[in-house]
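Shown next, in structure tokens, is the structure this report addresses.
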Amino acid sequence: MKNEALKNISIKELLLQLADDDFIHSYRGAEWLGLAPHIEEDVASASISQDTMGHAAIFYKLLEELGEGDADRLAHDRPAKERRNAIILEAANGPGYYMKDPDYDWAFAVVRNYFYTEAKAIKIQSLQSSSYEPLAEVAQKVQMELYYHLMHWKMWFVQLLGSHHADAVSRMKAAIDKTLPDFAGVFSLGQYGEEMVELGLIDGGIQKKWVEAVTPIFESVGLATTFKIGMAKGDGRNGVHTEDLEAALETLSEVYASDKAASW
Amino acid sequence: MNVLFNEMTEQEKLNHFIARIEAGEKIEADDWMPEDYRGTLIKLISMHGISEIMGALPEKEWVPKAPTLNRKLGIMAKVQDEMGHGQILLRVAEDLLKPCGKKRDDLMQDLFNGDLKFHNVFHMEAKTWGDAGLIGWLVDGAAIISQTNMLGSSYGPYSRALHRICAEEVFHAQHGEAIIMALAEGTEQQRKLVQDSIDYWWESLLLFFGPPSKKEVGSSKQDITIKYRIRTSTNEELRQAFFSKYVKRILSLGYTIPDQTLRFDKESETWIYRQPDWGKLKVYARNEGPRSQGRLSLRRISYENNKWVREALAPKVM
Ligand SMILES: [Fe+2]
Ligand SMILES: [Fe+2]
């Protein structure tokens, strides 16, 4: 492949990963609306999910500008096998449907939100000096909102684990054990990862930096820091996904798909 | 409070209180107030607050399904605002409840056991994306009319909360109108979504303002709220204002209103309309509307599922 073509593909792949991650993450957050532990938290996490959807929209827009098609189509009209999000982000919030019997787990929400936001912060930090300038520019804006998101989820993480409340601690530990075995999917840059790093689009070694960032937090609440991070269910960056994503896509594109040509 | 005030008789205190509100003064949470004033405010504000929260649910149902990125962002923002309104109002209600020894948790229990009601409109189903738009356009539109009526409320904390809330409600109505306009200018199927929504919601919108007088449902709070300067206009005046604002607008989009008798009578300068089935207000108040139990159950599930979180965070008040 010619250098220029490889560069273009790497940029698009990276943008798809960033967009799809935030899009599905925000979707899972939106399912929590009205169901958070208290009203104050509902307002706060709704605001975070909204920012995150805004970030997804920014990344899809960059793809649109690269000629990848309409941002709304990219968000709503790509089958699971074309999605690049990490598998852990598509995992359902818990059993049940958000409109009827949502048996959601706040511990899983806190753990996944905190872990993901920490990883995103590391990526966005690096993207600010990306060789792809449009991306470097938007990274600045995302960075500012992310500061607050990270603070919020870190606070929940520390508060629940530091509560010395046996039930809360064991739920949180279970959520960590559920999240880590698939969490490497968030760090993966997919099959063009090496090129992305070589081209200076983003720095490699995200996982190592993530471990360094969360280690003191884990220590502060007395958690062991032997991280068993894996990709048990596969690499979402390469189009490997679960039924959870299929179901989510069906819901989130229900209206869009009822008439794809219409203006909504 | 000074010594002199404490030496007054109850009647003198009441006279003093009435004189204050008639002079346009604001009553604050720690001021002396007659029991029926406090009781009326608690009912009104906790119902308003819990209605904002229950009212976020019909649109929340459409957040994940909103058809474009911008619509997803818009409806998310609106749902967040509504929860925020609920939060502000419940805090106002909590301050009033303090002397009665009740807290947020008690309000939630009251909601679950049916003692605390929420507005009739939020017992209805939001079956389509058209409903999601119509709620913003007309339900929020109606809410603006009824809330503007209380902006000058004699109770300071409520008046201040309403100022903040109404400013945001204006954006909600614009958001809803934008959804409706896109549908109205769209395909046949999209246009039909709007007509179906108007047909489904019309009666609820009339019920929303409450009965014209006691005789329709057996009781009405409007007399006492007007006496205490919590509000100014009557239910019927508000409903008339709603007609004046929206009937033309709906018709000009080429839609019909499901009431053949609806017309503006020039002589009396009032809208003549078919009375809604007032009995339905009682049905909804018993939580027997189409979606009452479904939405209550969502709140119950969330309350039960997150019990461990509240316990872990105790003694912090939730
Ligand atoms: Fe509101
Ligand atoms: Fe509103």
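The values are calculated or read from the model by the stated rules, or taken from the named source; none is laboratory data. Just so it is clear, the model here is predicted, and its values are computed rather than measured. All Cβ positions, glycine included, derive from the backbone under ideal geometry; neighbour counts span all protein chains shown. Keep in mind that these areas ignore ligands, DNA and RNA; they rest on the heavy atoms of the full protein, side chains included. Shrake-Rupley method; radii C 1.70, N 1.55, O 1.52, S 1.80 Å.
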Item checked: Rounded if a/c under 1.5, otherwise prolate or oblate - the range B:194-314, Cα gyration tensor axes -> prolate
Notebook entry, point to check: Which percent of the Cα-Cα distances in chain A go past 33 Å?
Noted result: 17 percent
Next item on the list: Assign unit charges at the C-beta atoms only (+1 for Lys and Arg, -1 for Asp and Glu), then state the dipole size of the range A:2-258 relative to its Cα centre in Debye, rounded to the nearest 20.
Entry: 640 debye
Check: Out of every Cα pair in the range B:52-104, what percent are spaced more than 17 Å from each other?
Finding: 47 percent
Check: For the range B:171-241, which GluC sites (Glu not before Pro) are in a loop by DSSP, counting at most 13 other Cβ atoms within 10 Å?
Finding: B:E185
Check: Per residue, what volume in Å³ does the convex hull of the Cα atoms of the range A:115-264 enclose?
Finding: 166 Å³
Check: What residues qualify as long-range amide H neighbours of B:Y155, i.e. H under 5 Å apart, gap of 5 or more or another chain, H built at 1.01 Å from N?
Finding: B:I27
Note to self: Given the C-alpha atoms of the range A:185-243, compute the convex hull and give its volume per residue in Å³.
What the structure shows: 102 Å³
Item checked: the range B:124-241 shape via C-alpha gyration tensor axes, a/c threshold 1.5 -> oblate
Checklist line | Centre separation in Å (Cα based) which lies between the range B:14-63 and the range A:117-175 | finding: 39 Å
Check: What does the average come to when, for each residue of peptide A:155-165, you count the partner chain Cβ atoms lying within 10 Å of its Cβ?
Finding: 2
Item checked: Average partner coverage of B:185-193, which counts Cβ from other chains inside 10 Å -> 2
Note to self: Sequence gap at least 6, Cα distance under 8 Å: using those rules, report the relative contact order of the range B:33-313 to the nearest whole percent.
What the structure shows: 20 percent
Next item on the list: Per residue of A:168-181, count partner chain C-beta atoms within 10 Å of its C-beta, then hand back the mean as an integer.
Entry: 1
Note to self: Is there a quick way to get the dipole size of the range B:71-135? I mean about its Cα centre, with the Cβ of Lys and Arg at +1 and of Asp and Glu at -1; what is the value in debye to the nearest 20?
What the structure shows: 200 debye
Item checked: Cα-based Rg of the range A:1-65 normalised by 2.2 N^0.38 Å, two decimals -> 1.47
Notebook entry, point to check: At a 1.4 Å probe radius, carbon and sulfur cover how many percent of the accessible area of the range B:33-313?
Noted result: 53 percent
Next item on the list: Find the sum over both chains of the accessible area lost when A and B are paired, probe 1.4 Å, and report it in Å² to the nearest 100.
Entry: 4400 Å²
Check: Just how many % of Cα pairs in the protein assembly as shown lie over 47 Å apart, if you round to the nearest whole percent?
Finding: 21 percent
Next item on the list: Using only Cα positions of chain B, each an equal point scatterer, no hydration layer, compute I(q)/I(0) via Debye at q = 0.10 Å⁻¹ and quote the log10 values to two decimals.
Entry: -0.62
Notebook entry, point to check: Taking a 24 Å limit on the Cα-Cα distance, which of the listed pairs B:K192/B:K282; B:K127/B:K192; B:K78/B:K221; A:K120/A:K154; A:K100/B:K98 fall beyond it?
Noted result: B:K192/B:K282; B:K78/B:K221; A:K100/B:K98
Checklist line | Approximate shape of the range B:112-186 as ellipsoid semi-axes (Cα gyration tensor, √5λ), whole Å, largest first | finding: 26, 18, 8
Check: Taking the alpha-carbon centroid of each part, what is the distance from the range B:116-195 to the range A:64-94 in angstrom?
Finding: 31 Å
Check: Where the only charges are on Cβ atoms (+1 Lys, Arg; -1 Asp, Glu), what is the dipole of the range A:1-134 about its Cα centre, to the nearest 20 debye?
Finding: 500 debye
Check: Solvent-accessible area per residue for the protein assembly as shown at a 1.4 Å probe radius, Å²?
Finding: 42 Å²
Next item on the list: Please report, as a whole percent, how much of the solvent-accessible surface of the range A:2-258 comes from carbon and sulfur atoms (probe radius 1.4 Å).
Entry: 52 percent
Notebook entry, point to check: What value, in deg cm²/dmol to 500, does the helix sum -39500 (n - 2.57) over DSSP H runs of n ≥ 4 give at 222 nm once divided by the residues of the protein assembly as shown?
Noted result: -21000 deg cm²/dmol
